[in-house]
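**Student:** Please read through the structure below; I'll follow up with questions.
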Amino acid sequence: MFSAKGTTVEELHLFSQVLQKYLSPTELEKLARATAFVRRTSKYRGQDLVTLCVWLSHNLASTSLTQLCSELEAATGISMSTEGLNQRLNGNAVTFLQELFANLLKAEMSSTSSIPSEYRNHFLRIRILDSTTFQVPDSLTEHYPGAGGCGHTAGVKIQLEYDLHSGQFLNLDVGAGKKNDKTFGTTCLSTLRPGDLCIRDLGYFSLEDLDQMDQRGVSYVSRLKLNNRIYQKNPEPEYFQDGRIKKQTEYLPLDLDAIMNRMKLGETVEIREAYIGKDKKLAARVILYRLTDSQVQKRRKDLAYKEKKKGVKYSEKSKRLTGINVYITNIAWGIVPKEHIHHLYSLRWQIEIVFKTWKSFF
């Protein structure tokens with residue numbers, strides 16, 4: 001959306017055009033009043049806060065109030081005392097900026113999202129859940145403790161779930177960087193409706209959550225964490241003399257290494273009647289996609305970076321299986337064939353683009 005070579009002034013000019021495209025000054029003021037940032041007639045308007053926080057200062061948290069007042073007066077002609085400005089930078093101001101971000105994000109997603117008609121027709125909502133994190137000054141550790149591993153003690157995490165059909169925000173949370181993705185994913189189950197499709201990345205993986213979706217008539221597509229075993233029913237199990245089946249012979253574990261080594265680059269293989277998890281035995285379709293050479297090289301490079309820079313330790317099994325993606329889904333094969341599962345899951349990347357665009361400015 002924006003050129004990496006452009007100057008800050010040029011980039012902010014482009015951002016102002018996007019802001020004006022979706023929100024007029026009148027709509028900004030309505031939003032400011034709806035969030036109680038503006039409660040009565042005041043010389044300090046919602047658009048002035050946006051001017052101060054977005055266009056005038058890239059280091060708002062470390063710039064003195066005196067300097068901020070000077071910049072505000074030079075840009076808008078509004079004169080405020082340092083104490084007056086300090087009182088306006090409150091919780092309502094934060095809420096106003098959060099709502100502004102939410103409105104712009106919804107508008108941008110609605111205008112750029114392109115979903116194949118077969119998905120639109122079958123699923124009532126396509127729910128994309130993901131998170132993004134960023135560092136803030138260490139002085140904010142008490143309010144926003146970080147996840148560690150990056151040299152900073154403070155960080156913010158934004159959790160966002162939205163519907164690709166409408167752009168409607170379903171769940172939004174701004175909190176500490178150390179918050180757990182899986183825990184947040186579980187809290188979102190209460191908003192599910194039959195006919196929904198949930199697409200989440202590995203950070204939210206939970207067999208219990210996927211089982212809950214299945215029971216509620218909700219479809220899902222998920223990558224599989226490779227520490228979970230995949231089984232098929234044994235066609236020739238062993239039995240006790242009284243006719244009871246010997247539990248340890250009821251299922252046969254699959255060897256993913258062997259399957260991967262038999263696959264061609266770019267090939268997709270499906271295991272329809274599979275069971276996931278040693279104890280839970282979640283029934284699901286399993287789809288394996290064999291990555292191309294270039295995709296494997298990129299993944300191995302990413303793994304090496306995360307191990308060295310972020311302190312993440314991957315098992316030998318995970319490293320061996322970098323050549324495949326393993327997806328699980330409860331969508332009937334007649335609705336979404338195996339060849340389309342990889343593409344359907346890739347719809348999740350639209351939110352990554354939105355996050356990167358947002359991070360460039362906020």
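**Student:** Please tell me if Met213 is farther than 24 Å from Arg348 by Cα, outside any strand (DSSP E or B) and among the hydrophobic types (A, V, I, L, M, F, W, C). Please lay out each step first, then the result.
**Tutor:** Numbers: farther than 24 Å from Arg348 by Cα: no; outside any strand (DSSP E or B): yes; among the hydrophobic types (A, V, I, L, M, F, W, C): yes.
No; evaluated as a whole, the condition is false for this residue.
**Student:** Please name all residue pairs, on different chains or six or more residues apart, with Cβ atoms under 6 Å, provided the first residue is in the range 333-362 and is under 21 Å from Tyr162 (Cα atoms) and of a type in the set (Val, Ile, Thr) and the second residue is crowded, with 16+ Cβ neighbours inside 10 Å and at pLDDT 75 or above.
**Tutor:** Ile341/Ile287; Ile341/Tyr327; Ile351/Ile128; Ile351/Asp130
**Student:** Moving on to the next point. Condition first: among the charged types (D, E, K, R), within 14 Å of Leu207 (Cα to Cα) and assigned to a strand (DSSP E or B). Now tell me which residues in the range 270-299 satisfy that.
**Tutor:** Step one: list which residues in the range 270-299 are among the charged types (D, E, K, R), which gives 270, 272-273, 278-281, 285, 290, 293, 298-299.
Then drop every residue that is not within 14 Å of Leu207 (Cα to Cα), which leaves 278-281, 285.
Correct list: Arg285 only.
**Student:** Just name the residue that is nearest to Leu321 (Cα to Cα) out of those in the range 230-243 that are surrounded by 15 or more Cβ atoms within 10 Å (Cβ to Cβ) and out of contact with any helix residue (DSSP H, G or I) (no Cβ under 9 Å at 6 or more places or on another chain). Step through it out loud before you land on a result.
**Tutor:** We begin by selecting, within the range 230-243, every residue surrounded by 15 or more Cβ atoms within 10 Å (Cβ to Cβ); these are 230-232.
The next check asks that each one be out of contact with any helix residue (DSSP H, G or I) (no Cβ under 9 Å at 6 or more places or on another chain); those that pass are 231-232.
Numbers: Tyr231: 17, Gln232: 20 Å.
Among them, the one singled out is Tyr231.
**Student:** Could you grab me the full set of residues in the range 300-317 that are in contact (Cβ under 8 Å) with a residue 12 or more places away in the chain, of a type outside the set (D, E, K, R) and assigned to a helix (DSSP H, G or I)?
**Tutor:** The one that is in contact (Cβ under 8 Å) with a residue 12 or more places away in the chain, of a type outside the set (D, E, K, R) and assigned to a helix (DSSP H, G or I): Leu303.
**Student:** Going through the range 318-340 one residue at a time, which ones are more than 22 Å from the chain's Cα centre (by Cα) and part of a loop (DSSP other than H, G, I, E, B)?
**Tutor:** Hits for the range 318-340 are Ala332, Trp333, Gly334, Ile335, Val336, Pro337.
**Student:** Here's another thing I want to ask about it. Going by what's in this entry, would Glu307 be described as exposed (fewer than 13 other Cβ atoms within 10 Å of the Cβ), of a type outside the set (Phe, Trp, Tyr) and either touching a Gly at 6+ places or on another chain (Cβ under 8 Å) or in the same structural domain as Ile230 (by TED's automatic domain parsing) (or both)? Can you show your working first?
**Tutor:** Values: exposed (fewer than 13 other Cβ atoms within 10 Å of the Cβ): no; of a type outside the set (Phe, Trp, Tyr): yes; either touching a Gly at 6+ places or on another chain (Cβ under 8 Å) or in the same structural domain as Ile230 (by TED's automatic domain parsing) (or both): yes.
Considered against the rule, which asks whether it is exposed (fewer than 13 other Cβ atoms within 10 Å of the Cβ), of a type outside the set (Phe, Trp, Tyr) and either touching a Gly at 6+ places or on another chain (Cβ under 8 Å) or in the same structural domain as Ile230 (by TED's automatic domain parsing) (or both), Glu307 comes out as no.
**Student:** Do we have any residue at all in the range 189-197 that's touching a helix residue (DSSP H, G or I) at 6+ places or on another chain (Cβ under 6 Å), within 15 Å of Arg127 (Cβ to Cβ) and of a type in the set (A, V, I, L, M, F, W, C)?
**Tutor:** Start the filter on the range 189-197 by keeping residues that are touching a helix residue (DSSP H, G or I) at 6+ places or on another chain (Cβ under 6 Å), which leaves 189.
Checking the rest, the ones that are also within 15 Å of Arg127 (Cβ to Cβ) come to 189.
If we keep only those that are of a type in the set (A, V, I, L, M, F, W, C) too, we end up with 189.
Yes, the range 189-197 has at least one match.
**Student:** Checking Thr187 against (1) surrounded by fewer than 20 Cβ atoms within 10 Å (Cβ to Cβ); (2) in contact (Cβ under 8 Å) with a residue 40 or more places away in the chain; (3) more than 21 Å from Ser346 (Cβ to Cβ); (4) not acidic (Asp, Glu), which single condition isn't satisfied?
**Tutor:** (2)
**Student:** Looking at the range 124-179, which of the residues that are touching a His at 6+ places or on another chain (Cβ under 7 Å) and either of a type in the set (Val, Ile, Thr) or not in a loop (DSSP other than H, G, I, E, B) (or both) is farthest from Tyr220 (Cα to Cα)? Break it down into steps so the answer makes sense when it comes.
**Tutor:** Initially, the range 124-179 is screened for residues touching a His at 6+ places or on another chain (Cβ under 7 Å), giving 125-126, 135, 138, 146.
This time we only want the ones that are either of a type in the set (Val, Ile, Thr) or not in a loop (DSSP other than H, G, I, E, B) (or both), so: 125-126, 135, 138.
Values: Arg125: 11, Ile126: 9, Gln135: 32, Asp138: 38 Å.
Filtering the range 124-179 for residues that are touching a His at 6+ places or on another chain (Cβ under 7 Å) and either of a type in the set (Val, Ile, Thr) or not in a loop (DSSP other than H, G, I, E, B) (or both), the one farthest from Tyr220 (Cα to Cα) comes out as Asp138.
**Student:** I'm trying to understand the selection: among the residues of the range 98-132, which are modelled with pLDDT of 85 or more, under 17 Å from the mean Cα position of the chain (by Cα) and surrounded by fewer than 18 Cβ atoms within 10 Å (Cβ to Cβ)? Break it down stepwise before answering.
**Tutor:** As a first pass, look at the range 98-132 and keep what is modelled with pLDDT of 85 or more: 122-132.
Still in the running and under 17 Å from the mean Cα position of the chain (by Cα): 125-132.
Passing the criteria: only Thr132.
The values are calculated or read from the model by the stated rules, or taken from the named source; none is laboratory data. The structure presented is a predicted model; accordingly, all values stated were derived computationally and were not measured. Neighbour counts run over all protein chains shown; Cβ positions are idealised from the backbone, glycine included.
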